[in-house]
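First comes the structure, then the notes that go with it.
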Amino acid sequence: MAAASGARDIDVDDHLDLLLDMQRAPSVHVHMDYLDRQGVRRIRVNVDDDTIEADLVGGRLAVNGKAREIPSERDQTYRDMHVAAMRGAQPACSLPEALGVMHLIDASERALRSKTWVSP
């Protein structure tokens with residue numbers, strides 16, 4: 001699901017939710033939006049015995065609620081990626097991984113347009 005809430009003065013969908021059924025994970029939920037006043041970038045993973053959450057803006061990693069600080073600058077990963085590309089360093093991912101991401105994006109866009117479940 002994606003939509004424009006009207007909360008921002010932009011002419012695009014300002015929030016998006018995807019529910020994915022992956023080969024190695026029974027359920028993946030992706031939420032992205034332009035609505036948060038303070039930037040939020042979090043990844044939460046639930047596995048058999050643990051819940052792991054990385055707060056990429058706040059610089060914290062928590063496992064089952066026990067957090068530790070991991071200082072980071074917001075844009076450093078982007079800078080590192082661009083410097084590596086300019087220096088001809090090993091790519092951040094393989095060609096098959098990159099194509100997999102592109103197929104996932106395409107499938108997501110098709111699902112949003114058709115409002116139906118799709119397979120990549």
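All of the numbers you see were taken from the coordinates with simple rules; none came from a lab. Fair warning: this is a prediction, and the values are worked out from it, not measured in the lab. Positions of Cβ are generated from backbone atoms using ideal geometry, with glycine treated the same way; all protein chains shown enter the neighbour counts.
Hand me the GluC sites (Glu not before Pro) from the stretch 15-120 located in a DSSP loop with no more than 11 other Cβ atoms within 10 Å, in residue order please.
73
For Cα extents along the principal axes in Å, one of (1) 40, 39, 37; (2) 48, 33, 21; (3) 45, 35, 27 was computed from the structure I shared and the rest are decoys. Which label?
Recomputing Cα extents along the principal axes in Å here picks out (1).
Run the helix sum for the chain: -39,500 (n - 2.57) per DSSP H stretch of 4+ residues, divided by residue count, reported at 222 nm to the nearest 500 deg cm²/dmol.
-8500 deg cm²/dmol
Quick one: putting +1 on the C-beta of Lys and Arg, -1 on the C-beta of Asp and Glu, what dipole do you get for the stretch 29-80 around its Cα centre, in Debye to the nearest 20?
180 debye
Looking at 32, 46, 61, which one has the Cα that reaches farthest to the positive end of the dipole of the stretch 19-64 (charges on Cβ: Lys, Arg +1; Asp, Glu -1)?
Of the listed residues, the answer is 32.
Using the Cα centre of the stretch 60-120 as the reference point, and only Cβ charges (+1 on K/R, -1 on D/E), how large is the resulting charge dipole? Debye, rounded to the nearest 20.
Dipole about the Cα centre, nearest 20: 220 debye.
Quick one: if you stick a label point 7 Å off each Cα along the C-beta vector at residue 28 and residue 87, how many nm between them?
For residue 28 paired with residue 87, the spin-label model returns 2.9 nm.
For the chain, what is the charge dipole size about the Cα centre, in debye to the nearest 20, if Lys and Arg each add +1 at the Cβ and Asp and Glu each add -1 at the Cβ?
180 debye
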